[in-house]
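Trainee: Structure in structure tokens, see below.
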Amino acid sequence: EPQEAPTRRLLRFLWLDARGGRTPLDLASDRAARARGPASLATRRSKAYRVATGPPVPDPAQVESMFARIAGVYDLLNRTLSLGIDQRWRKRMLRAAGEVRGRDVLDVCCGTGDVALLFAREGASVVGVDFTAPMLAHAVKKADRSGSSAVFVRGDAMRLPAADKSCDVATIAFGIRNVSDRVGALRELARVVRPGGRVVVLEFSMPPGALLGRLYRLYFTRILPAIGRLVSKDRDAYEYLPRTVLAWPAPEQFASEMRGAGLEGVEWDLLTRGIACLHVGRVPQAS
């Protein structure tokens, strides 16, 4: 019997839950389905919530609407506003995940697919999950243009469309700030990773030091929103970004939250003088 393709093997564990029932989702063998766009998944809604250390932020429906509006310029703004540094950060994320060739990877809050496509180029079997359909549409187009094996599925970080212990690595880049319960999202990431596997989180951070901190706040709260509004024509999106980053916990606090979600061996690394932070934790081996 021929060996099952890695991406197809991972997709056997993904489920479509659009009408309360559960049916297997298998997109790997159907390029036409991918070309038509991501599968539909009922998105869990919740009331407005409050970041533990900061001001109120929009509820998931507002977040989804906001990212849908800027999907067409999202990649351009990322490269422009970070001066291309965001691509280096994603490569650091890849290294932190360990050897990924032949491994099953679930990229959560995948957006337009940069992380998923990077991991797929390194030989991983990747499924990207996001709840914003226009972002996923761009990810699918990028995968088709590059001939990538990555598959993209619509789903919610708070209720991932994946079975327990179904992948070797779960990643989330610049997305966990946008979920209603980050510890709950971390538990979901840990749930889908096999014992001994890794959960890798890349997120913006506040750089240490008084001078650098002041300069960064000036850029993040004044210059970045102005450029974002100019390019995207969306005022809310680029006022939301600094608001959530300024409310983000210190690396030590977030590492504690990862441990509270059941991960062990949690480590972090400040990138580009602390503008971003990379956290890695492992799912405990079965006893």
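Trainee: Please state the relative contact order of region 154-281 as a whole percent: Cα pairs under 8 Å, 6+ residues apart?
Mentor: After rounding, I find 28 percent.
Trainee: Running Debye on region 240-287 with equal point scatterers at the Cα sites and no solvent, what base-10 log of I(q)/I(0) appears at q = 0.15, 0.24, 0.28 Å⁻¹?
Mentor: -0.46, -0.90, -1.05
Trainee: How large is ³J(HN,Hα) for each residue in region 163-169, as worked out from phi by the Karplus curve 6.51 cos²θ - 1.76 cosθ + 1.60 (θ = phi - 60°), to whole Hz, x for Gly and Pro?
Mentor: In residue order, the calculated couplings are 7, 4, 6, 9, 9, 8, 9 Hz.
Trainee: In addition: Any number yet on Rg/Rh for region 69-178, C-alpha, Kirkwood?
Mentor: Result: Rg/Rh = 0.93.
Trainee: For region 214-274, I need the span (max minus min coordinate) of the C-alpha atoms along each principal axis, in Å, sorted largest to smallest.
Mentor: 43, 22, 15
Trainee: So, in Å, what gap is there between the alpha-carbon centers of region 100-115 and region 131-190?
Mentor: Cα centroid of region 100-115 versus Cα centroid of region 131-190: 7 Å apart.
Trainee: Another question, if that's okay. Binning every alpha carbon pair distance of region 165-277 at 5 Å from zero, what are the percents per bin?
Mentor: 2, 11, 19, 21, 17, 13, 9, 6, 2, 0
Trainee: Assuming 0.36 nm per residue, please report the length gained on full extension of the stretch L230 to K91 beyond their Cα-Cα distance.
Mentor: Difference between extended and current length: 47.2 nm.
Trainee: Would you work out the relative contact order for region 233-279, in percent, from Cα pairs under 8 angstrom that are 6 or more residues apart?
Mentor: It rounds to 23 percent for region 233-279.
Read the figures in this text as sums done on the coordinates, not as results from a lab. Just so you know, these numbers come straight off a predicted model, no measurement behind them.
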